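Asker: Following this message is one structure expressed as structure tokens.
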Amino acid sequence: MTISPILPGRLPNTLSGNLLLQNIQRANAALLKLQTQVATNQKFFLPSESPAAALRSIALQSTIERKEQMQANIATTRSLLAVSETNLTVVSDALNQAKTLVLAGLGDLATSEEKQALATEAATLLQSVLDAANTKYQGRYLFSGSQTRTEPFELRGDGSIVYHGDEQQLSSYVDFDFLLGNNVDGATAFGALAKPSSTDVDPALTLETKSPSMLHGE
């Protein structure tokens, strides 16, 4: 028995309509994809559409995200170092003022009341230095090394100052494989771990002490 092919004219109207409808749907889907690509400037929407391009896109996106994080690290580092520099300037100015007070109080040129006022001013300078050394910025103490949640300097009742930080430097990535420190520890900035030194500034006169006239040969 010979089977002849089905001629187009013998296709059922329902099947012809379904084929036409599918063609229209495919055309609409293709048109919608093109419109979406134009609107979003994006060629693919699923990784399976182009696996090689998807891998390149993922690697590029990862690089962009890392670069953005590094830019944030740079901004944070700059702000931390700027605040640290400002407070170190405060300390430097206070030390210069303290030197001036010491010179003003030497000898008998200043009265006891004036010396008491100088001592009060010196105590104020000491507190300003302590406040600057204990500066807290963005939730961390600037000069405590890696102990950022610990107040670095403590003024005790006997007048001594104790350092509770360490000598560790904190760093963050500012570029690929490049770390940059963003803090100055108290030991480096203030010599907090150095051995204390003192000099007797109240010498006593003895029989061997030469008078000013003897020093000038009078």
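The values are calculated or read from the model by the stated rules, or taken from the named source; none is laboratory data. What you are looking at is a predicted structure, and each value in this text was computed from that prediction instead of being measured. Don't worry about glycine lacking a Cβ; one is built from the backbone with ideal geometry, like all the others, and counts go over all protein chains shown. Protein only, heavy atoms only, side chains kept; ligands, DNA and RNA dropped before computing areas. Shrake-Rupley method; radii C 1.70, N 1.55, O 1.52, S 1.80 Å.
Asker: Give the residue that is nearest to Thr86 (Cα to Cα), with candidates limited to residues of region 101-143 that are open to solvent by 80 Å² or more (accessible area, probe 1.4 Å) and not in a helix (DSSP H, G or I).
Answerer: By that ranking, first place goes to Lys136.
Asker: Among the listed residues Asp158, Asp177, which satisfies the condition of being under 24 Å from Arg78 (Cβ atoms), at pLDDT below 90 and open to solvent by 90 Å² or more (accessible area, probe 1.4 Å)?
Answerer: Asp177
Asker: Sort through Arg26, Arg66 and tell me the only one that's in a helix (DSSP H, G or I) and surrounded by fewer than 11 Cβ atoms within 10 Å (Cβ to Cβ).
Answerer: Exactly one of Arg26, Arg66 is in a helix (DSSP H, G or I) and surrounded by fewer than 11 Cβ atoms within 10 Å (Cβ to Cβ), namely Arg26.
Asker: With the requirement that a residue be open to solvent by 50 Å² or more (accessible area, probe 1.4 Å), assigned to a strand (DSSP E or B) and either without any contact (Cβ under 8 Å) to a residue 12 or more places away in the chain or under 11 Å from Ala133 (Cα atoms) (or both), what does region 144-155 give you?
Answerer: Within region 144-155, the first condition is being open to solvent by 50 Å² or more (accessible area, probe 1.4 Å), and the residues that meet it are 147, 149-151, 154-155.
When the remaining residues are screened for being assigned to a strand (DSSP E or B), the result is 154-155.
Once the filter is applied, which keeps residues that are open to solvent by 50 Å² or more (accessible area, probe 1.4 Å), assigned to a strand (DSSP E or B) and either without any contact (Cβ under 8 Å) to a residue 12 or more places away in the chain or under 11 Å from Ala133 (Cα atoms) (or both), region 144-155 yields only Glu154.
Asker: Hey, another quick one. Would you tally the residues in region 29-49 being surrounded by 10 or more Cβ atoms within 10 Å (Cβ to Cβ) and part of a loop (DSSP other than H, G, I, E, B)?
Answerer: 4
Asker: Does region 156-184 hold any residues that are touching a helix residue (DSSP H, G or I) at 6+ places or on another chain (Cβ under 8 Å) and in a loop (DSSP other than H, G, I, E, B), and which are they?
Answerer: Gly165, Asp166, Glu167, Phe176, Asn182, Asn183, Val184, listed by residue number.
Asker: Taking region 40-91, which residues are among the aliphatic types (A, V, I, L, M) and over 30 Å from Ala133 (Cα atoms)?
Answerer: Our first condition is that a residue be among the aliphatic types (A, V, I, L, M); within region 40-91, this holds for 46, 52-55, 58-60, 64, 70, 72, 74-75, 80-83, 88, 90-91.
Listed by number, the residues that qualify are Leu46, Ala52, Ala53, Ala54, Leu55, Ile58, Ala59, Leu60, Ile64.
Asker: Only one residue in Tyr141, Tyr173 is closer than 25 Å to Ala192 by Cα and of a type in the set (Phe, Trp, Tyr), so which one is that?
Answerer: Tyr141
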